[in-house]
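The values are calculated or read from the model by the stated rules, or taken from the named source; none is laboratory data. As the structure is a prediction and not an experimental result, all values here were calculated from the model. Every residue, glycine as well, gets a Cβ built from its backbone with ideal geometry; the counts of neighbours run over all protein chains shown. All accessible areas refer to the heavy atoms of the entire protein, side chains included, with ligands and DNA or RNA removed. Shrake-Rupley method; radii C 1.70, N 1.55, O 1.52, S 1.80 Å.
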Protein chains: 2
Amino acid sequence: VPLPEKALIARIRKIASTSRGPRSLITGIGDDCAVLRPGPGHDFLITTDFSLEGIHFRRDWHTPEIAGRRCLARGLSDIAAMGGTPVAAFLSLAVPRDLEQSWIDRFVGGLIDLARKHGVRLAGGDTAEFPQAVLADIVVVGSVPHGRAVLRSGAKPGELIYVSGELGGSSAAIRSLHRERKGQKIHSRDYPRHFLPEPRVQLGRILREKGIASAMIDTSDGLSTDLAHICEESKVGAEIDASLIPRSRVGKPAHEVDLDLALHGGEDYELLFTAHPAKGVPGHLAGVTITQIGRITRSRKILVRNPKGVRTELHPRGWEHFDAS
Amino acid sequence: VPLPEKALIARIRKIASTSRGPRSLITGIGDDCAVLRPGPGHDFLITTDFSLEGIHFRRDWHTPEIAGRRCLARGLSDIAAMGGTPVAAFLSLAVPRDLEQSWIDRFVGGLIDLARKHGVRLAGGDTAEFPQAVLADIVVVGSVPHGRAVLRSGAKPGELIYVSGELGGSSAAIRSLHRERKGQKIHSRDYPRHFLPEPRVQLGRILREKGIASAMIDTSDGLSTDLAHICEESKVGAEIDASLIPRSRVGKPAHEVDLDLALHGGEDYELLFTAHPAKGVPGHLAGVTITQIGRITRSRKILVRNPKGVRTELHPRGWEHFDAS
């Protein structure tokens, strides 16, 4: 009987070995640890994210390539939200014994495709057998000049709030997947933000390099929750304008998502950041639209203004991945 | 309804905040990434390890504290095997919605107890809900002077092979757990290497600092498999002497484990290393016994010599965690 763990490591190693390595990675797969050396004057950033079957992806909804790509995208987006440059990734992967080899190859292949695009090397991880589901945990290591990481805690009253791209597209896909009937399969190309997320790595780096962003987070948990994270860590409040929130266009025929999804839907992996009013924030940067949606306030509340000018408090709803609601 | 993920993060943050932080950790839990800065002239080591319920621990066999401690021990042992100093840990933890809060607190508590002992800070991670099992993935970051990590690939023909402590104690516990009958519960104190593993961090560091170890690995997969890893990466062979292998004494009354468990049983987390014959390797170091068990050879085979002097080839059997055999 072949050892599943050993075979899995060998396969991952083989697929990973074709990817180009950054100079920060000294030793990768094939030892007890990877050895990493940041460039002179640089800090390392580290983030970890689960991708669990049934929670973050479903094998009947997501091709292996898409599940693998989304697994890495979650980590890259966290690096982007600090203004960092991703360097290396570590994949822990547990699979049922009877899972087809091709599923694993395609999952790792989708992950490596996105890794290559960002110059990231798959540098290690762990493998195991797990009977009930495919379990992945991705670690991404990034690099940023000493003390220059853009934290959540830097927002100040009077600063303006911006978001990249459009919101609600990923949660709209999940809503549609829940409503799918046989013969009415939705197409991944009609919901690109869910099926082919593009982490905003270049944008995050530029916002940091140009000193534009004072605080930043990625919209993985949904605007209401992620804005609450910035306000909590910065000890400030916020007021946003519902009519200014850029909403994704999804489906066929394409239509704008509901405000509710744009406010609370997660996994869009856009960047939400604050900037001093004197900063000239361009409307487009690194190929992405940037939209001002509100401002930071001294009061600790988060308010949303509707088109009639009525303000109500916005409570973080917290993104529950496959909730059908 | 409280958000389980948010509550989980808050609890982990609270428990973690009481632990002392090393200077390498700039920003921990509460942002998109942790920010880490190695000391001047140092590299970072990174390792990740799953601890999955039903595969690596069982809730009916392991108390939450022991499961949490063993989870971190796996990662610390990998840092030890490179001769590094552990700096920070990242815990990804998924739990069923109905798991008692106290189980999580005790799991994280057991993990943090061991972390404190080694000056390691819990610096981040991820949380999720998973219906069928408790899933943990631990990342440990360590530090080592530039280019001084002890790799698996440094063994040379003629060098001697050493192992710390005793082998087979952890797998003996699993064998006994499988044979448990009601009213005949085994005691964790009779199998300390399984229930209270002590990663050999100080020993690994000393072996690196004194330039003793030319190649090193921890015995997580069992002697036969881990020695094969060293031989494969170093492109050498080995000959070990069965009668020299130090075997754990376990159970009540205490008795020596079978040779088979000492050769193939995993999760003892001892250090297996090679050293030039001219190095004076002491019999005790950092409070642990060191035993010479064989030598590195030019031929690519691994041979084991029985007490009658007969040599047979030793094939790596690969450690399957809860195999009853």
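Around the amide H of A:D126, modelled in the peptide plane, lie the amide H atoms of A:L91, A:S92, A:L93, all under 5 Å away and 5 or more residues distant in sequence or on another chain. Position B:G154: other-copy label points at 4.0 nm, ordered by increasing distance, label point 7 Å along Cα→C-beta. Here chain B is assigned +1 on the Cβ of each Lys and Arg and -1 on the Cβ of each Asp and Glu. Its dipole about the Cα centre then comes out at about 840 debye.
Hey, any idea what % of the stretch A:182-325's accessible area is carbon plus sulfur with a 1.4 Å probe? Within the stretch A:182-325, the accessible surface is 49 percent carbon and sulfur. Taking a straight line from the alpha carbon of B:K279, these lysines sit under 24 Å away, with near neighbours fewer than eight places off in the same chain left out: B:K156, B:K210, B:K235. Separation of the stretch B:18-82 from the stretch A:39-64 is 18 Å, based on Cα centroids.
Residue by residue along B:213-220, Cβ atoms of other protein chains within 10 Å of the local Cβ number 1 on average. 3J(HN,Hα) along the stretch A:287-293, derived from phi through the Karplus expression 6.51 cos²θ - 1.76 cosθ + 1.60 where θ = phi - 60°, amounts to x, 10, 6, 10, 10, 7, 10 Hz, with x in place of Gly and Pro.
In debye, nearest 20: dipole of the protein assembly as shown around its Cα centre with unit charges on the Cβ of K, R (+) and D, E (-)?
Here the size comes out at about 1040 debye.
For the stretch B:40-92, with all protein chains in place and a probe radius of 1.4 Å, 54% of the accessible heavy-atom surface sits on carbon or sulfur. Rounded to the nearest 5, what % of DSSP beta bridges with both residues in the protein assembly as shown are antiparallel? So the antiparallel bridges in the protein assembly as shown amount to around 80 percent.
Phi-derived couplings, Karplus 6.51 cos²θ - 1.76 cosθ + 1.60 at θ = phi - 60°, listed residue by residue for the stretch B:263-280: 7, 10, x, x, 6, 7, 6, 8, 9, 10, 9, 10, 8, 4, x, 6, 6, x Hz, with x used for Gly and Pro.
Heavy-atom accessible surface of the protein assembly as shown, averaged per residue, reaches 40 Å², computed with a 1.4 Å probe. Estimated at the nearest 10 Å², the accessible area of A:H146 is 80 Å² with a 1.4 Å probe. Beta bridges from DSSP with both residues in chain A: antiparallel share about 75 percent, rounded to the nearest 5. Per-residue shielding of B:123-130, expressed as the average number of other chain Cβ atoms within 10 Å of the residue Cβ, stands at 6.
Mean per-residue shielding of peptide B:134-144 is 4, counting Cβ atoms of other chains within 10 Å of each Cβ.
Distances between placed amide hydrogens fall under 5 Å for A:G237 paired with A:T297, A:R298, A:S299, all partners being 5 or more residues away or on another chain.
So how tilted is helix A:4-17 from the main axis of chain A? Cα-based, degrees 0 to 90, rounded to 10. Helix A:4-17 and the main axis of chain A meet at about 60 degrees. What separates the Cα centres of the stretch B:99-149 and the stretch B:258-325 is a distance of 29 Å.
In the assembly of identical copies, A:K14 has its label point, taken 7 Å from Cα in the direction of the beta carbon, separated from the corresponding points by 5.0 nm (ascending, one decimal). Paramagnetic label reach from A:K185 (point 7 Å along Cα→Cβ; backbone nitrogen cut-off under 19 Å): within the stretch A:97-141, residues A:100, A:102-104, A:106-107, A:110.
Calculated FRET efficiency, B:D258 and A:F322, Cβ-Cβ r, R0 45 Å, to nearest 0.05?
Plugging the Cβ-Cβ distance into 1/(1 + (r/R0)^6) gives 0.40.
Across chain A, the relative contact order, built from alpha-carbon pairs under 8 Å that are at least six residues apart, equals 22 percent. Within the same chain, aspartates and glutamates fewer than 8 places from A:K301 are excluded, and of the rest, those with a Cα less than 17 Å from its Cα are A:E159, A:D226, A:E232, A:E233, A:E239, A:D241, A:E313.
Listed peptides B:211-220, A:304-313 appear in the order B:211-220, A:304-313 once ranked by packing, highest mean of other Cβ atoms within 10 Å at the front.
Local charge for A:D268 was computed over the other residues whose Cβ lies under 11 Å away, with Lys and Arg +1 and Asp and Glu -1, and equals -4. Converting phi to 3J(HN,Hα) with the Karplus coefficients 6.51, -1.76 and 1.60 and the offset θ = phi - 60°, the stretch A:71-79 yields 4, 6, 4, 4, x, 4, 5, 5, 5 Hz in sequence order, with x at every glycine or proline.
For the rotational copies B and A, the chain B residue with its Cβ nearest the relating axis, together with that separation in Å, is B:D137, 2. Buried accessible surface for the B/A pair, both sides summed and rounded to the nearest 100, is 4800 Å² with a 1.4 Å probe.
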